[in-house]
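Rule-based calculations on the coordinates, nothing more; no lab input. What you are looking at is a predicted structure, and each value in this text was computed from that prediction instead of being measured. For neighbour counting, all protein chains shown are included, and Cβ atoms are generated from backbone atoms with ideal geometry for every residue, glycine included.
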Amino acid sequence: GDSVTQKQGQVTLSEDDFLFINCTYSTTTYPTLFWYVQYPGQGPQLLLKVTTANNKGISRGFEATYDKGTTSFHLQKASVQESDSAVYFCALVDPNTGNYKYVFGAGTRLKVIA
Amino acid sequence: EAGVTQSPRYAVLQEGQAVSFWCDPISGHDTLYWYQQPRDQGPQLLVYFRDEAVIDNSQLPSDRFSAVRPKGTNSTLKIQSAKQGDTATYLCASSLLGINQDTQYFGPGTRLLVL
């Protein structure tokens, strides 16, 4: 079945550091890919979405590139702030099935120290 | 517009007790999802509806869990006899059939602790 792997359980950075969160996926087709962010006590909220048509998503200083060759969708930000501290989930959906069921990774907890 | 709302926000039970979770999706959204999110894990789909119909409940533990959406708006998820392994956050999400139907909007969740 489809799967999403986030190898980093936790990332700790200082303000203004560069952020890189790893995400790889496994499917039989070309999925739509998402990054969701979850702040404490809240549900996940969409950060960015990328389809095969547009390859790269940018939102609030975050960016992620759809790489079909390496089946990766890593999240990057040039300079993190303390307010970026949250859990980041990579997810996919197979648009060809018509059911729009998300498959989530385990999440990466980002802690930014001021 | 108002987001997805859920209640209660927290629940603490003894094993064997029953509990119900309620979800009010974004107005007009025809698709509603229930997820279970164990601590330090990603959300895992339990069941989802389009209008009042169950589309997929293959991951719902049918012997103790049930979910309904009788009028195609609000939904209730019920655990009949809770177990410690049910301790998790239960998330509701909704989406709208159309161009962005693959984008789900999540509620704040109900945190369940089973002692």
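Over chain A, what is the mean sequence separation of C-alpha contacts under 8 Å (at least six apart), divided by residue count, expressed as relative contact order in percent?
Details: 284 pairs, mean separation 42.1, N = 114.
The normalised contact order for chain A reaches 37 percent.
Spin-label point model (7 Å from Cα, Cβ direction): what's the residue A:14 to residue B:18 distance in nm?
With each label point 7 Å from Cα toward Cβ, the separation is 5.7 nm.
Counting other C-beta atoms within 10 Å, and keeping those with at most 14, which DSSP coil chymotrypsin sites (Phe, Trp or Tyr not before Pro) do you find in segment B:3-41? Present the calculation step by step, with values, prior to reporting the outcome.
Numbers: sites: B:10, B:21, B:22, B:33, B:34, B:35; in loops: none.
In loop regions of segment B:3-41 (DSSP not H, G, I, E or B), there are no sparsely surrounded chymotrypsin sites (Phe, Trp or Tyr not before Pro).
Net charge around residue B:59, counting only other residues with Cβ within less than 14 Å of its Cβ (Lys, Arg = +1; Asp, Glu = -1)?
Working: positive: A:101, B:64; negative: A:2, B:56, B:63, B:86.
Net charge around residue B:59: -2.
Give me, ordered by chain and number, the residues 5 or more places off residue A:111 or on other chains with an amide H under 5 Å from its own placed amide H.
A:11, A:12, A:13
For residue A:68, which lysines qualify as cross-link partners when the Cα separation must be under 20 Å and same-chain residues fewer than eight apart are set aside?
A:7, A:49, A:56
Where q = 0.18 Å⁻¹, what log10 of I(q)/I(0) comes from the Debye formula for the protein assembly as shown, counting one point per Cα?
Summing over Cα pairs of the protein assembly as shown leads to -1.36.
At a threshold of 8 angstrom on Cα-Cα distance, excluding pairs fewer than six apart, so keeping six or more, what relative contact order does segment A:1-68 reach in percent? Before the final figure, lay out the partial values.
Details: 79 pairs, mean separation 14.8, N = 68.
Value for segment A:1-68: 22 percent.
Just need the relative contact order of chain B here, percent rounded to a whole number, with Cα pairs under 8 Å and 6+ apart. Can you show the working numbers first?
On the way: 291 pairs, mean separation 42.2, N = 115.
It rounds to 37 percent for chain B.
For segment B:104-115, what does the Karplus curve 6.51 cos²θ - 1.76 cosθ + 1.60, with θ = phi - 60°, yield as ³J(HN,Hα) per residue in whole Hz, taken in order and with x for Gly and Pro?
9, 10, 9, x, x, x, 10, 8, 10, 10, 10, 8
Count the net charge of all other residues whose Cβ sits under 14 Å from the Cβ of residue B:21, scoring Lys and Arg as +1 and Asp and Glu as -1.
+3
At 0.36 nm per residue, minus the direct Cα-Cα distance, what do residue B:113 and residue B:76 gain on full extension? Give it in nm, one decimal, please. List each step's numbers first, then the result.
Working: separation 37, 0.36 × 37 = 13.32 nm, distance 1.82 nm.
Difference between extended and current length: 11.5 nm.
Kirkwood Rh over Cα pairs of segment B:21-115 into Stokes-Einstein at 20 °C, 1.002 mPa s: D in µm²/s? Write out the running numbers ahead of the final one.
On the way: Rh = 13.5 Å.
My calculation gives 159 µm²/s for D.
How far is it, in nm, from the label point at residue B:63 to the one at residue A:7 when both lie 7 Å from their Cα along the line to the Cβ?
3.9
5 Å is the cut-off here: which amide hydrogens, built 1.01 Å from N in the peptide plane, fall below it relative to residue A:101, excluding neighbours closer than 5 in sequence?
A:94
For residue A:59, list long-range residues whose amide hydrogen, built 1.01 Å from N in the peptide plane, is under 5 Å from its own amide hydrogen.
So residue A:59 has HN proximity to no qualifying residue.
Segment B:35-52 to segment B:70-87: how many Å between their Cα centroids?
The distance from the Cα centre of segment B:35-52 to that of segment B:70-87 comes to 11 Å.
Applying the Karplus parametrisation 6.51 cos²θ - 1.76 cosθ + 1.60 with θ = phi - 60° to the phi angles of segment B:9-20, what ³J(HN,Hα) value in whole Hz is obtained for each residue in order, glycine and proline being reported as x?
Ordered by residue, 3J(HN,Hα) equals 7, 9, 8, 10, 10, 8, 3, x, 7, 9, 8, 10 Hz.
Can you work out ³J(HN,Hα) from phi for every residue in segment B:72-86, in order, using Karplus 6.51 cos²θ - 1.76 cosθ + 1.60 and θ = phi - 60°, giving whole Hz and x for Gly and Pro?
Residue by residue, segment B:72-86 yields x, 10, 5, 9, 10, 10, 10, 10, 6, 9, 5, 10, 4, x, 7 Hz.
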